[in-house]
1. Exactly one condition in (1) closer than 26 Å to residue A:134 by Cβ; (2) in contact with a helix residue (DSSP H, G or I) (Cβ under 8 Å, 6 or more places away or on another chain); (3) modelled with pLDDT of 85 or more is not met by residue A:33; state its number.
2. Hand me the list of helices (runs of 4 or more DSSP H) wholly inside segment A:183-257 holding 2 or more residues that are open to solvent by 50 Å² or more (accessible area, probe 1.4 Å) and within 14 Å of chain B (Cβ to nearest Cβ).
3. Restricting to segment B:211-227, name every residue that is open to solvent by 20 Å² or more (accessible area, probe 1.4 Å) and either of a type in the set (A, V, I, L, M, F, W, C) or under 39 Å from the mean Cα position of the chain (by Cα) (or both).
4. Name the residue, out of A:166, A:139, A:181, that is more than 32 Å from the chain's Cα centre (by Cα) and either of a type in the set (A, V, I, L, M) or at pLDDT 75 or above (or both).
5. I'd like the full set of residues that are open to solvent by 20 Å² or more (accessible area, probe 1.4 Å), in contact (Cβ under 8 Å) with a residue 24 or more places away in the chain and more than 17 Å from the chain's Cα centre (by Cα), limited to segment A:353-391.
6. Those residues that are among the small types (Gly, Ala, Ser), under 51 Å from the mean Cα position of the chain (by Cα) and within 30 Å of residue A:210 (Cα to Cα), I need them from segment B:379-415; list them, please.
7. If I filter segment A:314-324 for residues that are within 11 Å of another protein chain (Cβ to nearest Cβ) and over 30 Å from residue B:426 (Cα atoms), do I get at least one hit?
8. Is segment B:564-577 home to any residue that is open to solvent by less than 10 Å² (accessible area, probe 1.4 Å), away from chain A (no Cβ under 11 Å) and assigned to a helix (DSSP H, G or I)?
Amino acid sequence: MAATATKPKRTYATYWSIVWEQFRKQLSSYVALWIIGLLFAIAIYAPVVALGLPFLWSDETGLSSPWLHALLLNRNVFESSIDLFFNLLLVLSPFVLGSWCFARRRWVEAVSVAEVQAGARAFRRFLGTWFLIILALFVAVVLSSPRSALLDYRALAFAGDGVWGVFPPLRINYGDTLHGVEGPGIHHLLGVDNAGRDIFVRLLYGTRVSLSIGVIAVGIYITIGTVLGSLAGYFGGRVDLVVVRIIEIFLCFPSFFLILTFIGFLDRPSILWVMVIIGLVGWTQPARLVRGEFLRLRNIDFVSAARACGLRPTRIIFRHILPNALGPVLVNATFGVASAVLVESSLSFLGFGDPTLPSWGRILSYGRDTGDLGMMLIAGMAIFVTVSVFNLAGEGIRDALDPKLRK
Amino acid sequence: MTQYILKRLLLMVPTFLMITLLVFVIVNLAPGEPGQAASAGGSESADQSANARESHRLFKEQYNLDKPVLLNFRFLLDVADVMDELEVVAANMTSALPGERVALGVGLSASRVLSAIHNRAYYDIERQLAAPGVDEETQRRLERERLNVGFVQLEPLRPQRPPQGRVFRAEENLENWGQTIVPFLIEIASSYVYLIPDGLGARREEGRGLLLRDLPGGSIPDAGVVQLDGASWRVHPIMTEKVRFLAVQRLSVNARRRLVVRDGERPTPDQAALNREIVQENNRMARWVYPLDAGPEVKAEALAAWVGWFQENQGRYERSGASTVREVFLDTRFAKYWGNLARLDLGTSIRYRRPVLDVIGDHWRYSIYLSLMSLFLAYLISVPIGILAAVKQNTFADRGIGIFLFVLYSLPSFFVATLAQSYLTRANGLDIFPVSGFQSVDPLQVTTWDWMLNILWHMVLPVFCLTYTALAVLSRYARSGLLDVIRSDYIRTARAKGLSEWVVILKHAVRNGMIPILTLLGTTLPVLIGGSIIIEFIFVIDGMGRLMIQSILFRDYNVIMGILLISSILTLIGILLSDISYALVDPRISFD
């Protein structure tokens, strides 16, 4: 492999690599992107910081990991589906990160077909190894399951008595209620609320609620909007007329009224419903954007060429036009995440939605009810930071996509 | 231009129809019953008192909740459907007939044998009673004996009851079907029998309900055993009595007619006479019922009254093809909703017990004060800021303004409002502004000036919170609008003419640059009326937003429909207005 030393540097640039270069030049947006990454990291790794179960636990039955067990199998600690989702990400994250680094090293630097193929082979081997590791991990989790899911490990560890455990720094579940109100201190970094729950831990887990609402709700409406918008824009005529009428009808409703009406009518609104409803109400904007892009693109030469080749409409739409129309959608999605976070926190601030979830809006409204300024400030700032980093990133992407603003 | 406006107005019609349809669908097909909180209904209605039941029925009738949602296929109902529902209710009845015994605490097979032996004695007495030529004394003796012997209802260990949800649905169905099933009820009340297989210890669940006319020969033979479908059957006296009893009870509710004139209107003499007649008839019907343990004479008397009444008024229940079609399409919630809309009647609020339009009329003033003030302030501040940022583009001032606006844009208004309420009012911090409300003085007891000051003082915080969000958006529009024109040729010409910079900017550039932000005014129309849900919630201002929240919590669905409809129509008009104003202000744009 002597050739690696003189490997030619790649000289071409794809569209998205140009956009990425442009994006990196805007300092504020770049920082915002890192903060978004940090927020996701907090959401995923919250149980590493705060959970009432030990990573490792040793007693007369042997060594076990109640923490790992709780992540996926203990519905007493994590009862909502969001938590399970993020826990799964937590367990899979070494795998995902490792594969990403691996793929990046292999493929980004590959220049010849043979190298790509070799990389793919290695990648498959790599996947296999990881698959085995994860399988072993799961088996270990199941086999080493602790004696009881409901055991109070904290009390046992406190009592000592021949057992020991390695706990996360904060030995608190977000649903734990304590007796009596405590101020901020070493045990409860930001104190506890009037229901006796640790505010800091709830704030930490609230990241999960906000981010998942933002991402999933926006994912839903971007999907609906993109499909409807591309159909309308590509086929035109009657399809277009119908879709545009529907969009017009949806535009006439004040969206927050509509969301509130839907949520208010549900008997027990879970977080999934909130996502679905925001998704169902918000699709008009991306649909209009995609439709506009399709109208612009559908008579351009490369599309005519694809049509002349006899490709099916689905292939032309999804493989040829859509990738070129995704820029505005990406911008819209990033701003959409910010507004979805805002909508969710407004809803929970007003008292709609699942009351057991540690949502920031609910923490804010608790603070308001009890007159606890610190609690209000901290929850409000969390919302503010999340909303503004997504807005900043959205602005960055918008400017990076705009060829007139290229630096 | 006129043509364009006309075309747009015409296009608004189908859009509006679709909007009304969508609003209807949202409110009616949403899970959970509309007006649940208001009526005494709910799952526990099985053991409700008769009074609560009746008020629940009236409530449903008033809000058309007893009608099917989209299409009314009740003409397809037949007597078997009604019998099914009645049997479900009867099987769930806890009150027992005299002589009815329930064999509890015995095993299944034991209870079968025991009760078969027991009931043979019962059927023997029945046969003796039915035999021709029984004198009066024997009859009385036999009846007493029958009462002593009793009929054992075969209930092993745990009585078999239909599931509560099914019972509830059956009761609701019978109630909702209303007048449609009156002829069937008459038939059931007079000729229903419940048959169980004639054999050792047949159970209730194995039986079936029939009308006498379906039996071979049209009646029960003297021996009491009926041959049907190649099997022999016996009458189950308890179920038969209970179903007949329920049918009569149902009749006295379902056969009632509604008064011809709604409350609050003055009836004409003819109508008044008709109303009186209906009330009399309804009162009479209320008397044609009997208790479950009534004697045969009482039952026969009530039944005769019903049959007589039905023969007199049979015409009411006859259907022609046209009336069936009309019923299918028009006797539905959907049709009633459209009919009311066409008369500009949005219905009555369940919570306030007043017409929805009146309720909205009470609340929209507060929203409009708030919105007008904040909108005015937002325009007043944002235009100069936008101009400043555009003129000083890419300078320190522009960046500063940009960051400031960005922060404003990202700050959640409920956060700011909560903070302001906590720090600047009596609640926790400085006692500068009132905590909440629209006014705290009685306008009749202070001077107008004091009253206005009081309102203004209350409005400071809410208006501030509403203004800064609008400000962030508007200033960005203003800046980009001005930036678009500031590089155009005519501006350079103006500068070349030697005009001062102020004149160039304010007289030449701003006039064109502010077109986009002015046309935005049209789209603020719905916000003006709709108000802001969160701000009104936090500062307890009784505007439209707060009305909306409370109606949702209360499931006051007429108000929700009203608000959704009004705000969507206003949005439609607002979009049209902003398009038209665009064309009016900017001569380059024409829609022809």
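1. Failed condition: (1).
2. Here the list reads A:237-252.
3. Across segment B:211-227, the qualifying residues are B:212, B:220, B:223, B:225.
4. Going through A:166, A:139, A:181 in turn, just one is more than 32 Å from the chain's Cα centre (by Cα) and either of a type in the set (A, V, I, L, M) or at pLDDT 75 or above (or both): A:181.
5. Within segment A:353-391, A:354, A:356, A:366, A:369, A:370, A:372, A:374, A:378 qualify.
6. Across segment B:379-415, the qualifying residues are B:402, B:410, B:413.
7. No, segment A:314-324 has no match at all.
8. No, segment B:564-577 has no match at all.
The values are calculated or read from the model by the stated rules, or taken from the named source; none is laboratory data. Everything numeric here is computed off the predicted structure, so don't read it as measured data. So basically every Cβ, Gly included, is an ideal-geometry build from the backbone, and we count neighbours across all protein chains shown. The protein model used for the area step is the full one, side chains on, heavy atoms only, and it has no ligands, DNA or RNA in it. Shrake-Rupley method; radii C 1.70, N 1.55, O 1.52, S 1.80 Å.
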